[in-house]
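Shown next, in structure tokens, is the structure this report addresses.
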Amino acid sequence: MTILIKNAELTDPSQKMDGLCSILIEDGKIKEITSERSAGKGQKTREKQPQELTVIDAEGRPVIPGLVDMHVHLREPGFEYKETIRTGTEAAVRGGITTVCCMPNTRPVIDNASITSFILSKAAQEGSCSVYPIGAITKGQKGEELAELSILHEAGCIAFSDDGRPVMDSLLMRRALEYSKILEVPLISHCEDLALAAGGVMNEGLTSVMLGLRGIPPQAEEIIVARDIALAELTGARLHIAHVSTAGSVGIIRAAKKRGITDITAETCPHYFHITEEAARDYNTFAKVNPPLRTRKDIEAIREGLQDGTIDVIATDHAPHHLDEKSGDFDSAPSGISGLETSLGLSMKLVDDGVLDMAGLVGKMALTPARILGLFSKNKKGSLKPGFDADLVILDTASEYTVDPALFRSKGVNTPFEGWKLRARAAITLSNGRIHTWT
């Protein structure tokens, strides 16, 4: 299949491209990009048009590489009532995400080759976009014994994490980093001191006291951030810190990078740079997430960290739950926000606020996560260079829309952003050359 996208206002930081272009796609790959502001307005591309050609007129709208989300919970196998690979990837492409990296806290856990193979097979059959599994660091995510990391890697896992639980044993974490270094893949750390966080359900502070809820101090995150950076420095391994939520964590990561520890990367999520603990004031379980929503000071620090490069990636930490589970009392409700379909619009607000420019935003949501996970060089993701997969998004930024979880493709409607007005969403998403469009 051959596709020509014309009148595309392309932003691709991997090529330092920003301008009106035509994009030629053949057999699911980028064939050629031609500037329409050059002489002849794309004459070179039109001369090469085959007889059977699908033409998409982007009408001057922004076009960016498909987003790469390195932190998603697809729930399958084991929790299909929350989400499936089919519904999760449908939600992803609706949100402009064309590559999903799924966390291992399924049932069974992704700690063996057979579960890894199942996910890859299921994604090939039912997925709307590319899916790459992240294997567990420890068997059953119990934090007691290393999983067979080499076998997981050979089966298709592109990184390792016990996300949802930290590896509290420092020696075990050191060994995991050493193995990941041999395999040349990153270790993704969920930073939480379980003893310090025990029983907590939201940020520790005045709001938690007023609500009568047990709090989690920011130090519960920051202690493990500091420990894992020290272990990464000791081993020389690649460490990626998940879902940064506190100003202290930003400061620790910034200081480590300044003293030359270059193999550390970090991510945050839209809920950590938009809403505070106040969102839980009415015992709103949709605002219960782990790590918890913090304070305005933390939001400001995270935005500064995104701006100065301390925080490398914006991910969703998409964590869908059944409505019945989220409808209980705050203490017993599970943590998590359904984020695949709101991430792009919420993150675009950073451009509106002058925190990032468009190239910077695309870098944090497509190019950089692809590079961290080896998907840029090995799997041709995160860029629209010729030869790369035809993963791209034509954006609709002309009019505002209201977040309505009733329209989500995801099974998870647990979002604290219902009713928010956003201005950026995917009008058309191409995933491996497959066209997904919405009215």
I'd like to know if region 199-220 contains one or more residues that are touching a Cys at 6+ places or on another chain (Cβ under 8 Å) and either surrounded by fewer than 24 Cβ atoms within 10 Å (Cβ to Cβ) or closer than 27 Å to Cys102 by Cβ (or both). no
Considering region 156-172 alone, what residues qualify as being out of contact with any strand residue (DSSP E or B) (no Cβ under 8 Å at 6 or more places or on another chain) and of a type in the set (A, V, I, L, M)? Met168, Leu171
Tally up the residues in region 212-224 that are outside any strand (DSSP E or B) and either closer than 15 Å to Thr295 by Cβ or under 28 Å from the mean Cα position of the chain (by Cα) (or both), please. 8
Looking at Ser332, is it buried (at least 24 other Cβ atoms within 10 Å of the Cβ) and out of contact with any Asp or Glu (no Cβ under 8 Å at 6 or more places or on another chain)? no
Just checking, which of Gly433, Gly419, Gly412 is without any contact (Cβ under 8 Å) to a residue 40 or more places away in the chain and either touching a helix residue (DSSP H, G or I) at 6+ places or on another chain (Cβ under 7 Å) or not assigned by TED's automatic domain parsing to the domain that holds Gly95 (or both)? Gly419
Here are some conditions: (1) touching a strand residue (DSSP E or B) at 6+ places or on another chain (Cβ under 8 Å); (2) assigned to a helix (DSSP H, G or I). Arg227 meets all but one. Which one does it not meet? (1)
Could we say that Glu221 is of a type in the set (Asp, Glu) and either in contact with a strand residue (DSSP E or B) (Cβ under 7 Å, 6 or more places away or on another chain) or over 22 Å from Ala333 (Cβ atoms) (or both) here? no
In region 227-271, the residues that are surrounded by fewer than 20 Cβ atoms within 10 Å (Cβ to Cβ) and polar (S, T, N, Q): Thr262
Among the residues of region 391-402, which ones are assigned to a loop (DSSP other than H, G, I, E, B) and within 19 Å of the chain's Cα centre (by Cα)? Asp391
Residue in region 33-77 that is surrounded by the most Cβ atoms within 10 Å (Cβ to Cβ), counting only those that are among the small types (Gly, Ala, Ser) and at pLDDT below 95: Gly42
Please find, within region 277-308, the residue that is farthest from Asn414 (Cα to Cα) out of those that are within 19 Å of the chain's Cα centre (by Cα) and of a type in the set (Gly, Ala, Ser). Gly305
For region 365-402, which residues satisfy the criterion of being buried (at least 19 other Cβ atoms within 10 Å of the Cβ) and over 30 Å from Leu183 (Cβ atoms)? Leu392, Val393, Ile394, Leu395
Tell me, which helices (runs of 4 or more DSSP H) wholly within region 145-198 include 1 or more residues that are surrounded by 17 or more Cβ atoms within 10 Å (Cβ to Cβ) and hydroxyl-bearing (Ser, Thr, Tyr)? 170-183
Show the residue pairs that are 6+ apart or on different chains and have beta-carbon atoms under 8 Å apart, the first residue being within region 248-265 and assigned by TED's automatic domain parsing to the domain that holds Arg371 and of a type in the set (S, T, N, Q), the second being surrounded by 15 or more Cβ atoms within 10 Å (Cβ to Cβ) and in a helix (DSSP H, G or I). Ser249/Glu221; Ser249/Glu222; Ser249/Val225; Thr265/Thr368; Thr265/Ile372
Any residue in region 89-108 that is closer than 12 Å to Leu340 by Cα and touching a residue at least 24 places away in the same chain (Cβ under 8 Å) sitting within a Cβ distance under 8 Å of a residue that is surrounded by fewer than 24 Cβ atoms within 10 Å (Cβ to Cβ) and of a type in the set (S, T, N, Q)? List the pairs, counting only those 6 or more apart or interchain. Thr98/Ser130; Thr98/Asn432; Thr99/Ser130; Val100/Ser130
Quick count over region 78-126, residues being buried (at least 24 other Cβ atoms within 10 Å of the Cβ) and of a type in the set (Lys, Arg), is 1
Of the residues Ser347, Ser399, only one is in contact with a Pro (Cβ under 9 Å, 6 or more places away or on another chain) and more than 23 Å from Ser22 (Cα to Cα); which? Ser347
Residues that are out of contact with any strand residue (DSSP E or B) (no Cβ under 9 Å at 6 or more places or on another chain) and either charged (D, E, K, R) or in contact (Cβ under 8 Å) with a residue 60 or more places away in the chain (or both), drawn from region 336-354: Asp352, Asp353
Is there a residue being closer than 30 Å to Thr397 by Cα and of a type in the set (Asp, Glu) anywhere in region 97-114? no
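The values are calculated or read from the model by the stated rules, or taken from the named source; none is laboratory data. Owing to the predicted nature of the structure, the values given are computational and were not obtained by experimental measurement. All Cβ positions, even for glycine, are placed from backbone atoms using ideal geometry, and neighbour counts span all protein chains on display.
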